[in-house]
Amino acid sequence: MLNTFGIAQDTKQLQDAAAIKKMCGCYEVTFNFAETFNYSNDSLYKPSKTKIDKGLEWAQLVTDEAGKVVIQHILQVGDPAEPMIIKHWRQDWLYENKDLYQYNGDNNWSYIKKDDSEVAGQWTQKVFQVDDSPRYEGSATWVHVDGKSYWENTTPAPLPRREYTTRGDYNITLRGNRHEITETGWVHDQDNQKIIRSGTTEDVVLAKEKGYNTYHRVADERCKAAADWWQTSQEKWTKVRAKWDAVFARNTDLTLHEKVANKVLYKYLFSDEVQQKKEIDDIIDSFVSDSATEKTNGK
């Protein structure tokens, strides 16, 4: 008997992957964030300022395999004739993935193992920092209906850079993420909560935030400098991803140091002098806390 369910499932998986890969290419990006409500008892509370930024971003397809799509984002800013290239965030999409790291505050990610039934038909989006260290992850189903393709998930995350450099009154962003493919590109729609987590009491919602980032597709030629940079830099970042994959494969809670020798991780890895595998491995190992390492060694 023909297994129509299996065929339909395979077709849906391919449709999902096609939607994910539509996020690749060259885009004019507009980042919009505004604090919408605050629940602070402090009469002197000051909400974050509304933030609007624009830029040109190249989304490079790094891996295209059955059940796995990896996209590296690269910013191209400044003079179009001599632009500055900045390695930006990365997103990995894994089909029916059961291993997740959930952010729990204080640079700690809790390892979670899900059951097959919990992730059936779902895709996990794993988002990484500019140095390929973890940021946040969530699993949900891609939806294709009424001419729309979108994916929605809510998950805890560290503070975004625009906040942690100026705010210290909360320690978790509960991110409500919606990725929707549009005729002109795609939209990253966010409904976020700014959370105070102490570990001894229930989470407290300090404020809410709206994020609306639009990606408008333009000719790939406009991002040629970013695409060329990736071709000359990808070997190094393949080594970086491989080391992080080995760390994640320990399947245990993960805690990272914010700084080593008063220097953050990306400043080590962004150095052109850092190219060799052993040096990359040693740098990343120095940021993984001793307690996390001891757990993996059974101590």
To the nearest 20 debye, what is the magnitude of the charge dipole of the chain about its Cα centre, counting +1 on the Cβ of each Lys and Arg and -1 on the Cβ of each Asp and Glu? 360
Extension length gain for Tyr266 and Ser48 (0.36 nm per residue less Cα distance), in nm, is 75.9 nm
Please compute the alpha carbon radius of gyration of the chain, then divide it by the globular-protein estimate 2.2 N^0.38 Å. Two decimals is fine. 1.04
Taking N as the number of residues in region 117-265, what is its alpha-carbon radius of gyration divided by 2.2 N^0.38 Å? 1.23
Cross-link partners of Lys224 among lysines (Cα-Cα below 21 Å; sequence separation of 8 or more within a chain): Lys21, Lys22, Lys54, Lys87, Lys236
Cysteines of the chain without any disulfide-compatible partner (other Cys Cβ under 4.7 Å) are Cys24
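What ranking, highest mean first, results for peptides 171-177, 205-211 when packing means the other Cβ atoms within 10 Å averaged over each residue?
Numbers: 171-177: 21.0, 205-211: 19.1.
Listed from highest to lowest mean packing, they are 171-177, 205-211.
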Packing-based ranking, highest mean first, of 257-263, 158-164 given that Cβ atoms within 10 Å are counted: 158-164, 257-263
If I model a spin label at Asp220 and Arg167 as a point 7 Å from the Cα along the Cα→Cβ vector, what separation in nanometres do I get? 3.8
Hits among lysines - C-alpha to C-alpha of Lys49 under 22 Å, sequence gap 8 or more where chains match: Lys194, Lys208, Lys210
Not counting ligands, DNA or RNA, and with a 1.4 Å probe, what is Lys278's accessible surface area in Å² rounded to the nearest 10? 140
Which lysines does Lys113 reach when only Cα atoms under 23 Å apart count, and residues fewer than 8 places away in its own chain are ignored? Lys68, Lys98, Lys126, Lys243, Lys295, Lys299
Using a probe of 1.4 angstrom, how much of the accessible area of region 105-182 is carbon and sulfur, in percent? 45
Mean accessible surface per residue for the chain, computed with a 1.4 Å probe while every protein chain stays in place, in Å²: 53
In the P(r) worked out for region 22-167, what percent of Cα pairs fall beyond 25 Å? 42
Applying a 10 Å radius around every beta-carbon, put 240-250, 112-122 in order of their mean neighbour count, most first. 240-250, 112-122
With the dipole of the chain defined by +1 on each Lys or Arg Cβ and -1 on each Asp or Glu Cβ, the option from Gln15, Pro83, Ser149 whose Cα lies farthest towards the positive pole is Pro83
Report, in whole Å, the centroid distance computed from the Cα atoms of region 1-80 and region 229-257. 20
Once you sort the root eigenvalues of the Cα gyration tensor of region 74-133 as a ≥ b ≥ c, which label holds: rounded (a/c under 1.5), prolate (a/b larger than b/c) or oblate (the other case)? oblate
Quantify, in whole percent, the carbon and sulfur part of the accessible surface of region 16-64 (1.4 Å probe; protein heavy atoms only). 51
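Using the Cβ atoms and a cut-off under 15 Å, what net charge is assigned to the surroundings of Gly67, where Lys and Arg are +1 and Asp and Glu are -1?
Working: positive: Lys12, Lys21, Lys68, Lys98, Lys126; negative: Asp10, Asp16, Asp64, Glu65, Asp92, Glu96, Asp99, Asp116.
That sum, taken over residues with Cβ under 15 Å, equals -3.
The values are calculated or read from the model by the stated rules, or taken from the named source; none is laboratory data. Since this is a predicted model, take the numbers as computed values, not measurements. Note that each Cβ is placed from the backbone with ideal geometry, even for glycine, and that neighbours are counted across all protein chains shown. These area figures cover heavy atoms from the full protein model, side chains too; ligands, DNA and RNA do not enter into them. Shrake-Rupley method; radii C 1.70, N 1.55, O 1.52, S 1.80 Å.
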